[in-house]
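K.L.:
To start, I am sharing the structure in question, which I have written as structure tokens.
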Amino acid sequence: MAYSTPVIPINSYRFYFDKPHSLRLPEYAGSAWRGALGHALKRTVCVVRNTPCNQCLLQNACAYSYIFETPPPANSEKMRKYTAAPHPFVLQLDQATAENPQQYTLNLILFGHGQRYLPYLIQALKTAGEEGIGASRQAFQLIKIDQINPSQNATTIYKNGSLAPQANNAAIDIPPMPNSIEITLHTPVRIKQDGKNLTAASFNFGAFFNTLLRRISLISY
């Protein structure tokens, strides 16, 4: 049987924020950034207030609904039991660099049709940073945004409030299978098997990779 490699358009963007004071974010700041992004995006685009997304007539044409609620496609054959499809974005957090301790970077990775909502996400992340992240409401000012290609080369696409055209998706070369790999989990992960959350003692290869493969398959679909 022949197998085809899933084709998933992926775009990576690096947001550079000015950090005027010492960093005062929670240990796992991803949740704080994600929550702030969601609130800012919903305030930016929602025109039907106080209505759940799944009851809104605009749910299939709304940036917030697609990014954070992600309704399965109409007449879907693969996600009939899912209330939402995998969300088409990932946030990768960085810390202030040794070269520039007053700078904070945040990577936004978009999958597939999530790319079409990039301007909304830029505005929402800019607003979220200005309003403050975490319990301390630490403010971040957006300086610029680079688009990062698969070779890790950067091209500035946003600066001084101006957004330049983005490069087309570049093909990602899949490297040969190595003899072994090491995976580091930088943030907490929750995986269920047989309806139960895996613990450190019950963590296993099958459950972890089945979860990854399921996510890749659904995003590709």
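The values are calculated or read from the model by the stated rules, or taken from the named source; none is laboratory data. Since this is a predicted model, take the numbers as computed values, not measurements. No Cβ is skipped: glycine too gets one built from the backbone with ideal geometry, and neighbour counts run over all protein chains shown. These accessible areas exclude ligands, DNA and RNA; they are computed on the full protein's heavy atoms, side chains included. Shrake-Rupley method; radii C 1.70, N 1.55, O 1.52, S 1.80 Å.
K.L.:
Take region 187-196 and flag every residue that is open to solvent by 100 Å² or more (accessible area, probe 1.4 Å), in a loop (DSSP other than H, G, I, E, B) and on the phi < 0 side of the Ramachandran plot.
P.N.:
Residue satisfying the conditions is R190 alone.
K.L.:
Let me ask you something else. Has region 135-157 got any residue that is among the basic types (K, R), within 15 Å of R34 (Cα to Cα), open to solvent by 30 Å² or more (accessible area, probe 1.4 Å) and at pLDDT 95 or above?
P.N.:
The answer is no, given that none of the residues of region 135-157 is among the basic types (K, R), within 15 Å of R34 (Cα to Cα), open to solvent by 30 Å² or more (accessible area, probe 1.4 Å) and at pLDDT 95 or above.
K.L.:
Now, a different point. Pick from T184, T199: which is assigned to a loop (DSSP other than H, G, I, E, B) and at pLDDT 90 or above?
P.N.:
Step by step, each of T184, T199 is checked, and only T199 is assigned to a loop (DSSP other than H, G, I, E, B) and at pLDDT 90 or above.
K.L.:
Can you tell me which residue is surrounded by the most Cβ atoms within 10 Å (Cβ to Cβ) among those in region 158-181 that are assigned to a strand (DSSP E or B) and either without any contact (Cβ under 8 Å) to a residue 40 or more places away in the chain or among the polar types (S, T, N, Q) (or both)? Give the steps one after another, and end with the answer.
P.N.:
So the first thing to find is which residues in region 158-181 are assigned to a strand (DSSP E or B), and the list is 158-159, 162-163.
Checking the rest, the ones that are also either without any contact (Cβ under 8 Å) to a residue 40 or more places away in the chain or among the polar types (S, T, N, Q) (or both) come to 158-159, 162.
Numbers: Y158: 22, K159: 14, S162: 7.
In this case the residue turns out to be Y158.
K.L.:
Also, I was wondering about something else. Report, ordered by the first and then the second residue, all pairs with beta carbons closer than 6 Å, sequence separation of six or more or different chains, a first member in region 57-84 that is farther than 20 Å from A124 by Cβ, and a second member that is modelled with pLDDT under 85 and open to solvent by less than 30 Å² (accessible area, probe 1.4 Å).
P.N.:
Final answer for the pair search is P72/M79; P72/A85; M79/A85.
K.L.:
Quickly run through region 24-54 and pick out the residues that are modelled with pLDDT of 85 or more, open to solvent by 80 Å² or more (accessible area, probe 1.4 Å) and over 18 Å from L108 (Cα atoms).
P.N.:
R43, V47
K.L.:
Answer yes or no: is there a residue in region 130-140 that is assigned to a helix (DSSP H, G or I) and at negative phi. Please lay out each step first, then the result.
P.N.:
Restricting attention to region 130-140, the residues satisfying the condition of being assigned to a helix (DSSP H, G or I) are 130-131.
Within this subset, residues satisfying the condition of being at negative phi are 130-131.
Yes, there is a match, as at least one residue in region 130-140 is assigned to a helix (DSSP H, G or I) and at negative phi.
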